[in-house]
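Have a look at the structure below, then the notes.
The values are calculated or read from the model by the stated rules, or taken from the named source; none is laboratory data. In this text, all values refer to a predicted model and were calculated from it rather than measured experimentally. In this analysis, Cβ positions are derived from the backbone assuming ideal geometry, glycine residues included, and neighbour counts consider all displayed protein chains. We work out accessible area using only protein heavy atoms, side chains counted, and drop any ligands, DNA or RNA first. Shrake-Rupley method; radii C 1.70, N 1.55, O 1.52, S 1.80 Å.
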Amino acid sequence: MQRITILGATGSIGVSTLDVVGRHPDRYQVYALTAHARVRELAEQCERFRPEVAVVGSADAAAALSAMLQEKGVSTEVAYGEEALCRVAGAPACDTVMAAIVGAAGLAPTLSAARAGKKVLLANKEALVMSGNLFMEAVQASGATLLPIDSEHNAIFQCMPASYSREPARHGIAKVLLTASGGPFLKRDVATLESVTPEEAVAHPNWVMGRKISVDSATMMNKGLEVIEAHWLFGAAAAQIEVVIHPQSMIHSMVSYVDGSVLAQLGNPDMRTPIAHALAYPERIESGVAAVDLTQIGQLTFHKPDFQRFPCLKLAYDALLAGGTAPAILNAANEVAVQAFLDRRIGFRTIDRVIARVMEALPHGNITDIGALLEQDRRAREVALSAI
Ligand code: NDP
Ligand code: MG
């Protein structure tokens, strides 16, 4: 029996995780569930999965959750705040942590799980993008198992040798090929992009996801963050990570070997597949996702990304090459700009201009410790807000 903490249980990944967990009550038991503000949804999840602990973002939310649980006759302990998130992520009573909080808010609890040597299922790419080597060192020092949930990285993981050591050359790996759908604006006239609405931007053609990552997919910053994520997870240099536009989202990524072999992982675009893969690894379990019917799909197409249309992808490659705190600055500026766009305070193409401005304004130092990193994150947010 694996005991699981789900950080971000009420989000898109959290709900998909509980769907898979609910199919296998003989294998998985929920230790803790966390949310930020969606208390009603969390109360319903607690009623069904009976976790020992539930964590929310504020004292008010905690009081509301306690009242709802009492009414339902559920005895789950309620806590709130970052310290409580870190506690349930590192608790001795849990084996596996699904890290599915969105954005930098997930860094501290995800790191807590890594430091405690848990099996960490990583969806929260922003945490790894920000903390890079610090995160990977924490995993190594504690002996934690890090398994990627992001569909591309999960696909790459599946296409790599079982004993992979984060040294591509040692395993005859030439490149990793990250596939990207291109999002909702792949074919839209670039001149009209500034005026697209948040509703248009979050309407992803293939995937149903949270609002922030949906906007990131429309700008392709999501792919940019994934390039940086692939660098840390697989030890590949920027030049070994290639983005390929593949609008059908059937191939979730590929690994290209020196002998000319290219291995790909295919599946319907449903996050329950990578979630089930990582939960059960190295075994396989049923996920609720139907098998791919290639004759139905008929055609798979591929082409190169266009940096004019997707300047955020170029900004992310630049940040990876600059190294140090540059990816953390990129991530912070992006989070602030995306929120401003969702709040209708800036236009869509202003997102990349704000990020570029912040990247130019701030020096990129080395990442020495989490305190210094969080200070850079705070500073980048300030500069982004004033640029907006
Ligand atoms: P959602 O916005 O759907 O869910 C986010 C979750 O995090 C919710 O449970 C939310 O709680 C919680 N949360 C939000 N803000 C905070 C905060 N400040 N402190 C603590 N918890 C918070 O996001 P997704 O599920 O789409 O994405 C989650 C992560 O997974 C992201 O990093 C994303 O990049 C990554 N990912 C997602 C994919 C997807 O298909 N959705 C695919 C690949 C990666 P509440 O509901 O109460 O607001
Ligand atoms: Mg992805």
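List of remarks:
- Residues of the range 333-388 that are more than 20 Å from the chain's Cα centre (by Cα), open to solvent by 20 Å² or more (accessible area, probe 1.4 Å) and under 18 Å from Leu128 (Cβ atoms): His364, Asn366, Ile367, Thr368, Asp369, Ala372, Gln376.
- Only residues that are under 17 Å from the mean Cα position of the chain (by Cα) and more than 16 Å from ligand 2 (Cβ to nearest atom) were counted across the range 194-209, and they come to 0.
- Test: Ala191 is in a helix (DSSP H, G or I), more than 15 Å from ligand 2 (Cβ to nearest atom), open to solvent by 40 Å² or more (accessible area, probe 1.4 Å) and modelled with pLDDT of 95 or more: no
- Checking each residue in the range 12-27 for being in a helix (DSSP H, G or I) and either free of Cβ contacts under 8 Å to residues at least 60 places away in the same chain or among the hydrophobic types (A, V, I, L, M, F, W, C) (or both) picks out Ile13, Val15, Leu18, Val20, Val21, Gly22.
- Test: residue in the range 296-308 that is open to solvent by 30 Å² or more (accessible area, probe 1.4 Å), more than 22 Å from Ile355 (Cα to Cα), in contact (Cβ under 8 Å) with a residue 12 or more places away in the chain and in contact with a helix residue (DSSP H, G or I) (Cβ under 9 Å, 6 or more places away or on another chain): yes
- When we screen Arg50, Arg40, Arg87 for residues that are of a type in the set (Lys, Arg) and either in contact with a helix residue (DSSP H, G or I) (Cβ under 6 Å, 6 or more places away or on another chain) or surrounded by 15 or more Cβ atoms within 10 Å (Cβ to Cβ) (or both), the only hit is Arg87.
- You will find that of Val190, Val202, Val208, Val215, the residue that is more than 14 Å from ligand 1 (Cβ to nearest atom), among the β-branched types (Val, Ile, Thr) and touching a residue at least 12 places away in the same chain (Cβ under 8 Å) is Val190 and no other.
- Looking only at residues in the range 109-126 that are within 16 Å of Gly8 (Cβ to Cβ) and part of a strand (DSSP E or B), the one that is nearest to ligand 1 (Cβ to nearest atom) is Leu122.
- Any pair with Cβ under 6 angstrom, 6 or more apart, that starts in the range 133-161 at a residue that is touching a residue at least 24 places away in the same chain (Cβ under 8 Å) and ends at one that is among the β-branched types (Val, Ile, Thr) and surrounded by fewer than 19 Cβ atoms within 10 Å (Cβ to Cβ): none
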